[in-house]
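First comes the structure, then the notes that go with it.
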Amino acid sequence: MRTVELLCSSELEAAVRAAWDRLAAAGLPSLARNTHPTNRPHLTLASVEEFPPGAEQRLADLCDAALPLPVRLDRVAVLDGTAPLVWLVHPTPQLVALHGAVWDVLAEASGARSWHLPGRWIPHLSLALRFGGADRRRARAVAGAGRPAGAFVAARSYDGDTRTISELTTACPRSGG
């Protein structure tokens, strides 16, 4: 599996990580417990089995031209009824246009994950996976302090087979700012 992900500015990343920490401190499921070095707040634009030939460079050019992209978070919600717990991202016209352009580049890709396709995609930053039967009301109160704003400042691709990332933008800061 290969993804196209947008990374947060430092202030937005800090707000999401603080929500992860609050959830963990409250004994709720949280991505704060995922210690893999690639784990950081991000918005997934696409997920496919494999990039078509030449797609990675085209995606890099597209993301370089589109970023930074202002973003505002919305409410905390549980997707698909049971999992994951997410902070919804306000879908600005610029974000929706970038999402569509990414899928134009990936039109020939195999194994597209349908929940990321245009028309089905719900832009969000994950707070906890496999949320299941955890207390949703409590999680929303703990995690959803305010509606943070910031920007998406870089893009990367995650390779699910090797569990590694590759940068899709010329500057991919670790802390996002």
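The values are calculated or read from the model by the stated rules, or taken from the named source; none is laboratory data. These figures come from a predicted structure and were not determined experimentally. When we count neighbours, we look across all protein chains shown, and the Cβ atoms used for this are built from the backbone with ideal geometry, even at glycine. For the accessible areas, the whole protein counts, side chains as well, though only heavy atoms, and no ligand, DNA or RNA atoms are used. Shrake-Rupley method; radii C 1.70, N 1.55, O 1.52, S 1.80 Å.
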Quiz prompt | Residues of region 95-154 that turn out to be in contact with a strand residue (DSSP E or B) (Cβ under 6 Å, 6 or more places away or on another chain) and of a type in the set (Lys, Arg), as a count | solution = 4
Quiz item: Given the residues Leu98, Leu7, Leu106, Leu69, which is the only one that is touching a residue at least 12 places away in the same chain (Cβ under 8 Å) and touching a His at 6+ places or on another chain (Cβ under 7 Å)?
Solution: Leu7
Practice problem: Please work out which residue is most open to solvent (accessible area, probe 1.4 Å), limiting yourself to region 125-142 and to residues that are small (Gly, Ala, Ser) and touching a helix residue (DSSP H, G or I) at 6+ places or on another chain (Cβ under 7 Å). | Solution: Ser126
Quiz item: Which condition does Ala149 not pass, out of (1) over 20 Å from Asp21 (Cβ atoms); (2) modelled with pLDDT of 90 or more, if it passes all the others?
Solution: (1)
Quiz item: Where residues in region 125-162 are of a type in the set (Gly, Ala, Ser) and assigned to a loop (DSSP other than H, G, I, E, B), which of them is nearest to the chain's Cα centre (by Cα)?
Solution: Gly160
Self-check item: Residue selected from region 152-177 under the condition within 22 Å of Pro91 (Cβ to Cβ) and among the polar types (S, T, N, Q), by the criterion modelled with the lowest pLDDT
Solution: Thr169
Quiz item: Residues of region 27-53 being in contact with a Lys or Arg (Cβ under 8 Å, 6 or more places away or on another chain) and either among the aromatic types (Phe, Trp, Tyr) or in a helix (DSSP H, G or I) (or both), which ones?
Solution: Ala32, Phe51
Quiz item: Checking Ile122 against (1) within 19 Å of Leu79 (Cα to Cα); (2) in contact with a Leu (Cβ under 7 Å, 6 or more places away or on another chain); (3) open to solvent by 60 Å² or more (accessible area, probe 1.4 Å); (4) not in a loop (DSSP other than H, G, I, E, B), which single condition isn't satisfied?
Solution: (4)
Exercise. With the condition kept exactly as written, say whether any residue in region 54-65 is within 21 Å of Trp121 (Cα to Cα), part of a strand (DSSP E or B) and touching a helix residue (DSSP H, G or I) at 6+ places or on another chain (Cβ under 6 Å).
Key: no
Quiz item: Could you say whether any residue in region 82-94 is at pLDDT below 95, under 26 Å from Arg138 (Cβ atoms) and among the polar types (S, T, N, Q)?
Solution: yes
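Yes/no matrix, rows are residues, columns are (1) under 13 Å from Leu6 (Cα atoms); (2) surrounded by 13 or more Cβ atoms within 10 Å (Cβ to Cβ); (3) not aromatic (Phe, Trp, Tyr):
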{"site": "Leu45", "(1), (2), (3)": "yes, yes, yes"}
{"site": "Ala97", "(1), (2), (3)": "no, no, yes"}
{"site": "Val105", "(1), (2), (3)": "no, yes, yes"}
{"site": "Ala112", "(1), (2), (3)": "no, yes, yes"}
